[in-house]
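Report on the structure given below.
The values are calculated or read from the model by the stated rules, or taken from the named source; none is laboratory data. What you are looking at is a predicted structure, and each value in this text was computed from that prediction instead of being measured. Using ideal geometry, Cβ is built from the backbone for each residue, glycine included, and neighbour counts are taken over all protein chains shown. Side chains included, ligands, DNA and RNA excluded: accessible areas come from the protein's heavy atoms. Shrake-Rupley method; radii C 1.70, N 1.55, O 1.52, S 1.80 Å.
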Amino acid sequence: MAVDPKAYDPRNLHLPELEVMHSGHLACPGCGAALGMRQALKALGDNTMVVIPACCWAVIVGPYPYEALKVPVLQVAFETAAISAAGVRAALDAQGKHDTTVLAWAGDGGTFDIGFQSLSGAVERNDDIIYVCYDNEAYMNTGIQRSSATPYGAWTTTTPVEAPKAEPKKNMVEIMVEHRIPYTATASIAYPEDFIRKLRKAQSIRGAKFIHLWISCPAGHKSEERYSVKIARLAVETGIFPLYEVENGVHYTINHEPAFTDVAEYLRLQGRFRHLKDEDIETIRRNIEWEWKRLRAKAEMGRTLPAPPPPVRAVVEEGEHEPSTE
Amino acid sequence: MRKVIKGNGAVAHGVRLARAQVISAYPITPQTSIIEELASMVAEGELDARFIKVESEHSAMAGCIAASSAGARAFTATSAQGLALMHELIHWAAGARLPIVLANVNRAMAPGWSIWTDQNDSLSQRDTGWMQVYCESSQEVVDSVIQAFKVSERVLLPTIVVLDAFFLSHTYEDVEIPEQELVDGFLPPLELPQKLDLEHPAALGNLVFPDRYMEFRRKMELAQQHALGVWEEVGREWGELTGRPYGLLEEYRTDGAELVLVCAATAASTARVVVDRMRDAGIPVGLVRLRVFRPFPADAFRAVLGGRRKVLVLDRNCSFGHHGIFHQEIKSALFELPAAEQPEIRGVIAGLGGRDITPEDIEDMLTRAWEGRLEEATTWWDVLPAEDPVRAASVRS
């Protein structure tokens with residue numbers, strides 16, 4: 001089920017009724033991470049165990065003895081989300097509980113930076129986990145410090161406006177793709193049907209699955225709470241954050257053709273970009289164009305390449321989870 | 001079944017007999033042959049376990065923590081740098097009250113690189129909440145791994161089973177390997193009171209405010225204290241089943257001993273020979289081998305050392321700035337004795353980085369202690385002068 005931008009009506013979403021998250025939690029108003037978890041568990045259901053390293057969700061889930069979710073949660077050390085999910089998986093398999101989904105739910109710092117090693121290890125072993133990185137593009141829980149997911153030009157408390165981040169955002173999806181894992185995808189809280197379809201597809205595949213979820217963060221992006229979904233949608237529609245999926249490290253599917261709204265629309269809603277000059281914005285525009293050329297070239301390459309030979313694992317296809325094409 | 005195996009092989013057999021369900025491990029000399037043997041046992045179907053071949057020791061312990069949290073019996077092995085890399089998660093495992101068992105092959109910390117034995121790696125984990133058992137023989141290793149799972153699962157604290165690099169890890173000895181049925185009767189399947197459970201969902205490890213944190217830590221302390229009795233009980237029960245009982249510490253020829261040597265691990269085997277020799281020569285020496293280091297058996301030490309004339313503690317470790325670590329702890333325990341029962345106590349630091357501790361060394365230490373010729377509270381044994389003449393000459397030239 002691809003998202004057709006013309007037919008897409010955010011007021012008419014078809015989402016599962018199931019709620020695996022309680023209404024009480026400790027997220028800030030307008031938090032994209034809270035919205036993302038709610039959508040994720042609607043997709044995965046309640047036969048799920050969630051592993052959470054140090055990140056905003058370590059707080060959002062509630063202090064002892066509370067819990068904002070209706071499924072078991074294991075809080076783990078900052079840099080261990082992926083191996084911890086693999087450990088839970090191994091224990092469940094040892095006890096014959098093969099049908100329970102194990103979800104690692106980590107922020108960008110815990111994924112792009114400190115958790116990078118353990119994530120690379122887990123996906124290289126093709127451990128049977130779903131790893132979702134909810135990316136708000138900085139260390140928000142510690143008060144907005146630069147991570148390697150912070151985009152070019154952004155203000156954070158460690159990249160002040162006098163010296164904003166000079167480097168591009170690390171391309172985590174491509175790094176995962178190059179591990180030749182069965183399934184890698186990007187997703188957005190503004191496109192919940194697409195996110196839910198991807199999670200269910202991931203659930204149907206044995207092996208390592210990585211989903212990069214873009215989320216808004218009013219506190220860290222210096223944006224208005226009421227614009228959280230709008231900003232997330234603009235991240236996709238400006239082309240900054242493409243929605244696509246990759247199977248077996250080779251076969252790319254671009255899930256949504258953006259409107260390519262001018263990126264200035266996206267930037268002006270966020271105080272973290274307020275200091276940018278016209279030439280900075282032009283640099284960002286040129287990078288979006290180049291990244292899309294690169295992505296389309298990869299998608300084209302994937303169309304002409306045959307499925308990779310063993311030992312790369314083929315995706316277990318189920319009818320309802322066919323990859324979408326536009 | 002009797003077999004001639006290495007200390008590392010004894011660990012693997014103990015883990016197999018304990019029916020570990022998840023092994024999460026990373027290679028490091030001199031531990032590596034433990035996990036090689038376990039990998040073979042899993043591959044050949046002798047052990048029905050999931051083996052996660054992780055990318056670091058940090059992940060090795062993280063994998064054990066997660067697996068144990070989900071209700072599986074979990075094991076890993078490491079040494080020195082690997083144990084140090086785990087340190088954050090060593091705290092985590094104990095704080096989460098998980099009955100993980102870790103075999104640590106004592107190896108000296110770098111720099112300079114050393115693969116040989118000393119105890120600073122495991123003793124640096126002293127204040128984490130883990131229990132620690134120091135083994136003297138391969139037989140004790142296989143027996144202690146099995147006991148460690150039982151005690152850990154009773155008191156909900158993890159255990160480090162410690163063996164010396166090479167002197168034990170790579171030395172072949174005759175070992176009685178228990179039958180599986182015997183171990184199954186001794187060690188029931190793991191049943192944790194709290195774990196990840198779909199029927200009773202809970203969040204484990206959540207943020208704890210100052211009004212509750214201390215209570216969790218107090219419970220860890222109470223569990224450590226309770227564990228002293230559990231180690232004794234489990235050691236007795238193992239003795240009834242196998243004829244090999246174990247205690248918190250082991251006495252050797254302490255009857256009538258006026259000078260008692262305290263040491264741990266393989267140095268104790270050497271010390272036995274020396275004690276026999278000196279007793280034959282009419283010198284009233286005895287030996288106490290430290291086995292369980294955490295929880296610390298302070299009462300047992302007071303009972304066996306109180307009223308002696310002299311105690312000499314041999315440490316294959318050093319708390320830089322304040323004695324050897326066993327020395328510190330034993331001295332602190334003896335301080336609670338009435339003044340008249342307090343022995344004169346001296347410490348010797350020897351054998352760091354795998355340097356041999358020979359029978360002659362131990363006889364010389366004991367003789368000097370007996371004759372009152374160890375003036376300092378702690379003596380560094382068999383070392384070049386602090387101003388190394390060879391190095392000094394090379395620097396000058």
Hand me the list of helices (runs of 4 or more DSSP H) wholly inside the stretch B:1-98 holding 3 or more residues that are touching a strand residue (DSSP E or B) at 6+ places or on another chain (Cβ under 6 Å) and touching a residue at least 12 places away in the same chain (Cβ under 8 Å). B:7-17, B:32-43, B:57-69
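Using the structure shown, decide if residue B:302 is modelled with pLDDT of 95 or more, within 16 Å of residue B:289 (Cα to Cα) and open to solvent by 20 Å² or more (accessible area, probe 1.4 Å).
Numbers: modelled with pLDDT of 95 or more: yes; within 16 Å of residue B:289 (Cα to Cα): yes; open to solvent by 20 Å² or more (accessible area, probe 1.4 Å): yes.
When the stated conditions are applied, residue B:302 passes them.
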Checking residue A:132 against (1) open to solvent by less than 30 Å² (accessible area, probe 1.4 Å); (2) under 28 Å from residue A:291 (Cβ atoms); (3) within 14 Å of chain B (Cβ to nearest Cβ), which single condition isn't satisfied? (3)
Can you tell me which residues in the stretch B:60-87 are over 19 Å from the mean Cα position of the chain (by Cα) and over 18 Å from residue A:92 (Cβ atoms)? B:60
Could you pull out the residue among B:313, B:285, B:234, B:230 that is farther than 26 Å from residue B:106 by Cα and at pLDDT 95 or above? B:285
Looking at (1) open to solvent by 30 Å² or more (accessible area, probe 1.4 Å); (2) within 17 Å of residue A:287 (Cβ to Cβ); (3) part of a helix (DSSP H, G or I); (4) not aliphatic (A, V, I, L, M), which one does residue A:170 not meet, given that it meets all the others? (3)
Condition first: crowded, with 22+ Cβ neighbours inside 10 Å, closer than 25 Å to residue A:304 by Cβ and within 16 Å of the chain's Cα centre (by Cα). Can you find one or more residues in the stretch A:255-269 that meet it? yes
Condition (residue is within 14 Å of chain A (Cβ to nearest Cβ) and of a type outside the set (D, E, K, R)) applied to the stretch B:6-13: is it met by at least one residue? no
Here are some residues: B:163, B:182, B:192, B:204. Which one is over 21 Å from the mean Cα position of the chain (by Cα), closer than 23 Å to residue B:37 by Cα and of a type in the set (A, V, I, L, M, F, W, C)? B:182
Lone qualifier among B:201, B:189 - being within 14 Å of another protein chain (Cβ to nearest Cβ) and over 30 Å from residue A:63 (Cβ atoms): B:189
Output the residue which, of all residues in the stretch A:80-96 that are within 25 Å of the chain's Cα centre (by Cα), more than 13 Å from residue A:49 (Cβ to Cβ) and facing chain B (nearest Cβ under 7 Å), is surrounded by the fewest Cβ atoms within 10 Å (Cβ to Cβ). A:80
Kindly provide the set of residues from the stretch B:76-91 that are within 12 Å of chain A (Cβ to nearest Cβ) and either of a type in the set (D, E, K, R) or crowded, with 23+ Cβ neighbours inside 10 Å (or both), ordered by number. B:76, B:86, B:88, B:89, B:90
Within the stretch A:14-53, of all residues that are open to solvent by less than 70 Å² (accessible area, probe 1.4 Å) and touching an Asp or Glu at 6+ places or on another chain (Cβ under 6 Å), the one nearest to residue A:64 (Cα to Cα) is A:20
Only one of (1) out of contact with any Asp or Glu (no Cβ under 6 Å at 6 or more places or on another chain); (2) open to solvent by 30 Å² or more (accessible area, probe 1.4 Å) is not met by residue A:194, so which one is it? (2)
Is one or more of the residues making up the stretch A:97-114 open to solvent by 20 Å² or more (accessible area, probe 1.4 Å), facing chain B (nearest Cβ under 10 Å), at pLDDT 95 or above and within 16 Å of residue B:52 (Cα to Cα)? no
Give the residue, chosen from A:75, A:117, that is modelled with pLDDT of 95 or more, surrounded by fewer than 24 Cβ atoms within 10 Å (Cβ to Cβ), in contact with a Gly (Cβ under 6 Å, 6 or more places away or on another chain) and within 7 Å of chain B (Cβ to nearest Cβ). A:75
Which of the residues spanning the stretch B:198-231 are under 25 Å from residue B:291 (Cβ atoms), surrounded by 18 or more Cβ atoms within 10 Å (Cβ to Cβ) and without any contact (Cβ under 8 Å) to a residue 60 or more places away in the chain? none
With A:295, A:276, A:305 as the choices, which residue is crowded, with 18+ Cβ neighbours inside 10 Å and either in contact with a Lys or Arg (Cβ under 9 Å, 6 or more places away or on another chain) or in contact (Cβ under 8 Å) with a residue 24 or more places away in the chain (or both)? A:276
All positions within the stretch B:232-273 that are open to solvent by less than 60 Å² (accessible area, probe 1.4 Å), aliphatic (A, V, I, L, M) and more than 17 Å from the chain's Cα centre (by Cα): B:257, B:259, B:260, B:261, B:271
Hey, can you tell me all the residues within the stretch B:162-183 that are under 21 Å from residue B:152 (Cα atoms) and open to solvent by 60 Å² or more (accessible area, probe 1.4 Å)? B:181
The lone exception for residue A:199 - which of (1) surrounded by fewer than 20 Cβ atoms within 10 Å (Cβ to Cβ); (2) in a helix (DSSP H, G or I) it fails: (1)
Taking residue B:383 as the residue in question, decide whether it is assigned to a strand (DSSP E or B) and either touching a His at 6+ places or on another chain (Cβ under 7 Å) or of a type in the set (A, V, I, L, M, F, W, C) (or both). no
Where the second residue is of a type in the set (Asp, Glu) and part of a helix (DSSP H, G or I) and the first is at positive phi and open to solvent by less than 20 Å² (accessible area, probe 1.4 Å) and lies in the stretch A:218-240, which pairs have Cβ atoms under 9 Å and are six or more apart or on separate chains? A:239/A:289; A:239/A:291
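Output the residue which, of all residues in the stretch A:251-272 that are touching a residue at least 60 places away in the same chain (Cβ under 8 Å) and in contact with a Lys or Arg (Cβ under 9 Å, 6 or more places away or on another chain), is farthest from residue A:183 (Cα to Cα).
Taking the candidates together, the pick is A:271.
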